[in-house]
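Participant: Structure below; questions to follow.
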Amino acid sequence: MYQRDKAIKEIVRKEEMLDVIKQCKFCHVGFVDGDMPYVLGFNFGYEDHKIYLHCAKEGKKLDILRKNNNVCVMFDTGHEFFHRHEHVACSYRMRYKSVMVTGKAYFVDNYDEKVKGLQILMKQYSDKHFEFSKPSVDNVVIIRIEIEKMTGRKFEYL
């Protein structure tokens, strides 16, 4: 039987999982492309149990989502490389905190909701309020991920 490293702890409090997401500046999204995974990095925004992404109006990820809108999103932060014994290679480790989300991705077609998604996305990176021109909004795809399950873990953190 597999014995899990005692340094790995589940994050069970939703507030702590949301804190991990808020600390992240980048996430990785896994798409289901037939029988193969397809993973891309994204800037993102989070609000009200939803994740917002933006992208170009064409691309492989959009083709995949039109066939299967199941996604997995990975957030990780708090990286810290350390060692227990300087001269023992196996004692070197990386602290981290992570949250994994599964859910369904939807294309946002409504103009006002697209603007809202862009504002939520920018709130992840800045306290400023941004305005968006109609051509800018019309020129991007906004993807809203509705979270179905969220789990977290931390390694070498209490």
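Participant: Which whole-percent values make up P(r) of the range 8-155 when all C-alpha to C-alpha distances are grouped in 10 Å steps starting at zero?
Facilitator: 11, 37, 31, 15, 6, 1
Participant: Show me the GluC sites (Glu not before Pro) within the range 21-112 that DSSP assigns to loop and that have at most 11 other Cβ atoms within 10 Å of their Cβ.
Facilitator: On the way: sites: GLU47, GLU58, GLU80, GLU86; in loops: GLU58, GLU86.
For GluC sites (Glu not before Pro) across the range 21-112 that sit outside H, G, I, E and B with at most 11 neighbouring Cβ atoms in 10 Å, the list reads GLU58, GLU86.
Participant: Taking a threshold of 32 Å on the Cα-Cα distance, which of the pairs LYS123/LYS149; LYS6/LYS114; LYS9/LYS114 fall above it? Mind dumping the intermediate values first?
Facilitator: Working: LYS123/LYS149 23 Å; LYS6/LYS114 44 Å; LYS9/LYS114 37 Å.
Correct reply: LYS6/LYS114; LYS9/LYS114.
Participant: Taking the alpha-carbon distance from LYS14 and a cut-off under 14 Å, which aspartates and glutamates remain once sequence neighbours fewer than 8 residues away in the same chain are dropped?
Facilitator: Within the straight-line cut-off, LYS14 pairs with GLU47, ASP48, GLU148.
Participant: From Cα coordinates alone, what are the radius of gyration and Dmax values for the range 5-64 in angstrom?
Facilitator: For the range 5-64, the Cα radius of gyration and maximum Cα-Cα distance read 14.7, 45 Å.
Participant: Can you tell me the relative contact order of the range 1-116? Whole percent, Cα pairs under 8 Å, sequence separation 6 or more. Spell out each step's value before the answer.
Facilitator: On the way: 145 pairs, mean separation 26.9, N = 116.
That works out to 23 percent.
Since every read-out is calculated from the coordinates, none of them should be taken as a lab result. No experiment lies behind these values; they were computed from the predicted model shown. Note that we place each Cβ from the backbone using ideal geometry, even for glycine, and neighbour counts take in every protein chain shown.
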